[in-house]
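Novice: First the structure, which I've put down as structure tokens, then a few questions once you've had a look.
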There are 2 protein chains.
Amino acid sequence: MTTLRLLMNPNLFLRDPQETELGRKILEDSILLIDELGFEKFTFKKLALKIESTEASIYRYFENKHKLLVYLNSWYWSWVEYRIDFSTQNILNVADRLEIALKIISEKKVKDPFFPQIDEEALDRIVIAESDKAYQTKQVDEDNKEGLFLGYKSLCHKIATYIVEINPEFKYPNSLVSTVLQASHQQLFYAQHLPSLTDFTGDSTCANAQNKEFLKEIVFKAISK
Amino acid sequence: MTTLRLLMNPNLFLRDPQETELGRKILEDSILLIDELGFEKFTFKKLALKIESTEASIYRYFENKHKLLVYLNSWYWSWVEYRIDFSTQNILNVADRLEIALKIISEKKVKDPFFPQIDEEALDRIVIAESDKAYQTKQVDEDNKEGLFLGYKSLCHKIATYIVEINPEFKYPNSLVSTVLQASHQQLFYAQHLPSLTDFTGDSTCANAQNKEFLKEIVFKAISK
DNA sequence: TCCGTCATGATAGTTTTACTATCATAATTG
DNA sequence: CAATTATGATAGTAAAACTATCATGACGGA
């Protein structure tokens, strides 16, 4: 089995974590630790302890834990886009491509053997629970200028082009896609923690099926003429 | 002019900040300071300095800054619900009521003279920029059990009942409302900071008009039979 | 094989945050 | 007038979020 590597924007890190043993360990275990502790209680000191390295060494890879979170988010969205590209190969009908994309976005994430070091299930939980913290900061504009959100933007843009192709008159393709990408995670979060804000059931398999149906309904009705 | 007071869940605070001069000053200036610094850089120490009080005194009102943020959010959503109630008085047609609600949600917030101490414009910016931090924590479930999110839930539920009345067969009224409430803020945030993720224009007056149109289109199409 | 560089580890130190505790004092209330 | 209670003043602690310095060991080239 081939091992793939997603190309990441160099502004996300100080030293490329995919290049070295320690770097890969930082990625691998930071996912597990953030999933376990939550982003606020997660510290580089605790991570250092877990991987039997030092705080200083981790700081050589990432400026701070915020950048690490942005990196993980970026990796996640690039991974989702890659999976959509993979699954829409040779699908000629745009509406079909859109449906596949929505399916991948809404479905339960499982281990991808192409990326053995990454626990995609844990990463999915992190992105669901913490992703807003990656851009809801006073430094958004600087981070954006450095291109830290290109992974997400790229995915958003790709799906928006499907929509434009299906209905060129629809005025809000980008807004609709970014709304739906967010809604997908938000509704799963609500299903688990604030059930009265959703109509999804707590059971996760079921919730994912409802998620897919909900997104499809919103999107296809919105872009219908 | 009457001065109103919104009834808040006592679990949100240690001592009721609406009851005392100092408490009201904490609310008033914390809004200004969080707006200015962002939630991460905001501390009780800095707030104490600003209002010429002490850290210890502020801790007597709020357990920590997280609870204060939850309080401000809760106040905001209760305020929005009150404005919707006010504006839908004597409107018999449900679709009209829904449209009014969407208008209030999406429109630019301005000073409400009924609540002289609260800078609603600044609070609106805070909720747009920071609100997800109020529930994206490892303590969501405890906070939820204490009823800290009842303000938001109540608003969500109210609008969902409009939708059920308009189309009782629609399967996702709560999901649609919570999606749209979030989208409203998110799209305005994107318009300012990540414009490629939205189709709204940067200009805020214009963005609010597009916001309203976008929300209306999504909602009314989604619930159409 | 020797030299240089470079990644990592070990250690220590700083500032700030997020509290907690104690005591004095001033205002209010019964 | 006594008792309570809100606030202020001050101090202190543990942890977080870094920064700096130096030693070591691996590795790659000459």
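Novice: Could you please find all residues in the stretch B:21-39 being in contact with a helix residue (DSSP H, G or I) (Cβ under 9 Å, 6 or more places away or on another chain) and either within 11 Å of DNA strand D (Cβ to nearest atom) or within 14 Å of another protein chain (Cβ to nearest Cβ) (or both)?
Specialist: B:Leu22, B:Lys25, B:Ile26, B:Leu33, B:Ile34, B:Asp35, B:Glu36, B:Leu37, B:Gly38, B:Phe39
Novice: Taking the stretch A:171-206 only, how many residues are over 26 Å from A:Ser154 (Cβ atoms) and modelled with pLDDT of 95 or more? It would help to see each step written out before you state the result.
Specialist: Going residue by residue through the stretch A:171-206, those that are over 26 Å from A:Ser154 (Cβ atoms) are A:190-206.
From what's left, modelled with pLDDT of 95 or more: A:190-200.
Count: 11.
Novice: Can you tell me how many residues within the stretch B:18-48 are within 10 Å of DNA strand C (Cβ to nearest atom), open to solvent by 50 Å² or more (accessible area, probe 1.4 Å) and part of a helix (DSSP H, G or I)?
Specialist: 3
Novice: Right, another one. Select from the stretch A:155-172 the residues that are facing another protein chain (nearest Cβ under 7 Å) and open to solvent by less than 10 Å² (accessible area, probe 1.4 Å) and list them in ascending order.
Specialist: Of everything in the stretch A:155-172, those that are facing another protein chain (nearest Cβ under 7 Å) and open to solvent by less than 10 Å² (accessible area, probe 1.4 Å) turn out to be A:Cys156, A:Tyr172.
Novice: Could we say that A:Lys103 is among the basic types (Lys, Arg) and either within 12 Å of chain B (Cβ to nearest Cβ) or within 30 Å of A:Lys41 (Cβ to Cβ) (or both) here? Walk me through it before giving the result.
Specialist: Numbers: among the basic types (Lys, Arg): yes; either within 12 Å of chain B (Cβ to nearest Cβ) or within 30 Å of A:Lys41 (Cβ to Cβ) (or both): no.
When the stated conditions are applied, A:Lys103 does not pass them.
Novice: Tell me the residue from A:Leu148, A:Leu123 that is of a type in the set (A, V, I, L, M, F, W, C), within 12 Å of another protein chain (Cβ to nearest Cβ) and in contact with a Lys or Arg (Cβ under 9 Å, 6 or more places away or on another chain), please. Outline the logic, then answer.
Specialist: Details: A:Leu123 fails: within 12 Å of another protein chain (Cβ to nearest Cβ).
Testing whether each residue is of a type in the set (A, V, I, L, M, F, W, C), within 12 Å of another protein chain (Cβ to nearest Cβ) and in contact with a Lys or Arg (Cβ under 9 Å, 6 or more places away or on another chain) leaves just A:Leu148.
Novice: Still on this structure: Among the residues of the stretch A:184-211, which ones are farther than 14 Å from B:Pro173 by Cα and either open to solvent by 50 Å² or more (accessible area, probe 1.4 Å) or more than 11 Å from every other protein chain (Cβ to nearest Cβ) (or both)?
Specialist: A:Gln192, A:Gly202, A:Asp203, A:Ser204, A:Thr205, A:Cys206, A:Asn208, A:Ala209
Novice: How do the helices (runs of 4 or more DSSP H) wholly within the stretch A:133-225 filter down when requiring 3 or more residues that are within 22 Å of A:Ser74 (Cα to Cα) and within 18 Å of the chain's Cα centre (by Cα): which remain? Give the steps one after another, and end with the answer.
Specialist: Values: elements: A:140-145, A:150-166, A:173-193, A:204-222.
By residue number, A:140-145, A:150-166, A:173-193.
Novice: Okay, moving on. Report whether or not A:Ser53 is over 30 Å from A:Ile159 (Cβ atoms), touching a residue at least 12 places away in the same chain (Cβ under 8 Å) and surrounded by 14 or more Cβ atoms within 10 Å (Cβ to Cβ).
Specialist: Values: over 30 Å from A:Ile159 (Cβ atoms): yes; touching a residue at least 12 places away in the same chain (Cβ under 8 Å): yes; surrounded by 14 or more Cβ atoms within 10 Å (Cβ to Cβ): yes.
The answer is yes for A:Ser53.
Novice: Could I ask something else about it? Which of the numbered conditions does B:Asp85 fail, given that it passes all the others? Conditions: (1) more than 12 Å from the chain's Cα centre (by Cα); (2) more than 16 Å from DNA strand C (Cβ to nearest atom); (3) outside any helix (DSSP H, G or I).
Specialist: Here B:Asp85 meets the rest and fails (3).
Novice: Determine which single condition B:Glu63 fails, assuming it passes every other condition in (1) more than 13 Å from DNA strand C (Cβ to nearest atom); (2) outside any helix (DSSP H, G or I); (3) open to solvent by 40 Å² or more (accessible area, probe 1.4 Å).
Specialist: (1)
Novice: With respect to A:Thr3, determine if the residue is hydroxyl-bearing (Ser, Thr, Tyr) and away from DNA strand D (no atom under 13 Å from the Cβ).
Specialist: Yes; evaluated as a whole, the condition is true for this residue.
Novice: If you don't mind, another one. Tell me yes or no: at least one residue of the stretch B:97-110 is at pLDDT 95 or above, under 13 Å from the mean Cα position of the chain (by Cα) and basic (Lys, Arg).
Specialist: Looking through the stretch B:97-110, at least one residue is at pLDDT 95 or above, under 13 Å from the mean Cα position of the chain (by Cα) and basic (Lys, Arg).
The values are calculated or read from the model by the stated rules, or taken from the named source; none is laboratory data. From a predicted model like this one, the values you see are computed outputs, not experimental measurements. Cβ coordinates were reconstructed from backbone atoms using ideal geometry, including for glycine residues, and neighbour counts include every protein chain displayed. Calculation scope for accessible area: heavy atoms of the full protein, side chains included, ligands and nucleic acids excluded. Shrake-Rupley method; radii C 1.70, N 1.55, O 1.52, S 1.80 Å.
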